[in-house]
Ligand SMILES: [Zn+2]
């Protein structure tokens, strides 16, 4: 039975992968609707032939990797349970130490290590693909360093969560999901507060803007939006990527707007001011706080569903998955698997709200800067630097796009341009 379930799971993954291969490479039509042909959103008006081909190829492979990587995680956790690895990790932990907490730490290091090794090939392919297409400029050593930082941050975070989680399960078999959720509120808020000052600097260097002339312009704009100057940062990314980006992060006194130095190097001042005004909207409209609120609501539902699904799986497949009791640490891969599935299922909804906020930010930015030409060309440059698809396939859009496709973003700006040209 165990072997049969393993074979079925692998087979299901392969079929799923083939489906997405067919969908992305043969079925999906990413040709521009004819009414957009020749418009400023038409990539053939601002990319050369080579860039056009590259962006199509690169996006297809990237999208395929995206759709493979999450279910691959599910497969991994499923096989870890099915073939008794989870049971073995626990035995190794018990043989190493007699202290409960230390046993959990050892169990977790084994599980994390196996997960790291299993997902490394896909991550490496993704890195080397991005390197081949000249998006990533990162050396292998620097990439590996980031992977290892990821590993230890994840490990550290779960080392705080897992012992509390299983302690709660033992204390209250029926309500652990609720108590766990209540505890996750201060934890989430604390982590969001620490993110920009403790975690992000482990990966990259952050500093005030280097270009002082540009800084004055940005701070004048920030002043208009009532954002204190000390919240604007530059980050050194040029030795990692050619892509452009800017984002808002952190909460309270650690809230900040961060501009990648690649953005500052590649765009003109007016283009940067548009991008900056876009980020200011996220800051001013407190999108991060809405994000945390939404996340907490979803996680309440998610933890409840996890509780129900874990009990169901243990009842129905406890023998095959070697879980006699969900309150035993051996069920942790099941917890991770269900969590990852729920996150995947929820992603179309979270992406949808994110796209709505992005749309608002674009609108805010153009109203503030009133320079559609700079705005449009900055988005064209963003498309070129990341070789992104202007018109992605439907499933890619709903599962992957936290921002509206460039087709929508650029044509909205073009409409604004036309409208305001007529007014003058
Ligand atoms: Zn944005």
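Observations on the model:
- Test result for residue 81, under 30 Å from residue 378 (Cα atoms) and in contact (Cβ under 8 Å) with a residue 12 or more places away in the chain: no
- Whichever residue in region 46-61 is in contact with a helix residue (DSSP H, G or I) (Cβ under 9 Å, 6 or more places away or on another chain) and in a loop (DSSP other than H, G, I, E, B) and, among such residues, is farthest from residue 386 (Cα to Cα): 46
- Checked across region 278-301, the condition of being away from the ligand (no atom under 14 Å from the Cβ), modelled with pLDDT under 95 and in contact with a strand residue (DSSP E or B) (Cβ under 6 Å, 6 or more places away or on another chain) holds for no residue.
- Filtered by the rule that a residue be more than 16 Å from the ligand (Cβ to nearest atom) and either over 17 Å from residue 198 (Cα atoms) or touching a strand residue (DSSP E or B) at 6+ places or on another chain (Cβ under 6 Å) (or both), region 236-264 gives 237, 238, 239, 240, 241, 242, 261, 262, 264.
- Looking only at residues of region 34-52 that are over 22 Å from residue 133 (Cα atoms) and touching a residue at least 12 places away in the same chain (Cβ under 8 Å), we find that the one that is surrounded by the most Cβ atoms within 10 Å (Cβ to Cβ) is 41.
- Selection count where residues are surrounded by 15 or more Cβ atoms within 10 Å (Cβ to Cβ) and either over 18 Å from residue 279 (Cα atoms) or in contact (Cβ under 8 Å) with a residue 40 or more places away in the chain (or both), scope region 200-223: 11
- Strands (runs of 3 or more DSSP E) contained entirely in region 173-264, each with at least 2 residues that are under 23 Å from residue 147 (Cβ atoms): 246-249, 256-260
- Any pair with Cβ under 8 angstrom, 6 or more apart, that starts in region 298-309 at a residue that is free of Cβ contacts under 8 Å to residues at least 40 places away in the same chain and ends at one that is in a helix (DSSP H, G or I) and surrounded by 15 or more Cβ atoms within 10 Å (Cβ to Cβ): 305/338; 305/342; 309/338
- Every listed requirement among (1) outside any loop (DSSP other than H, G, I, E, B); (2) surrounded by fewer than 15 Cβ atoms within 10 Å (Cβ to Cβ); (3) touching a strand residue (DSSP E or B) at 6+ places or on another chain (Cβ under 8 Å) is met by residue 160 save one, (3).
- Evaluating residue 271 against the criteria (1) surrounded by 15 or more Cβ atoms within 10 Å (Cβ to Cβ); (2) away from the ligand (no atom under 11 Å from the Cβ); (3) closer than 15 Å to residue 230 by Cβ leaves one unmet condition, (3).
- Residue 85 vs. criteria over 27 Å from the mean Cα position of the chain (by Cα) and surrounded by 17 or more Cβ atoms within 10 Å (Cβ to Cβ): yes
The values are calculated or read from the model by the stated rules, or taken from the named source; none is laboratory data. This structure is a prediction, so every number in the text was calculated from the model and none was measured. For neighbour counting, all protein chains shown are included, and Cβ atoms are generated from backbone atoms with ideal geometry for every residue, glycine included.
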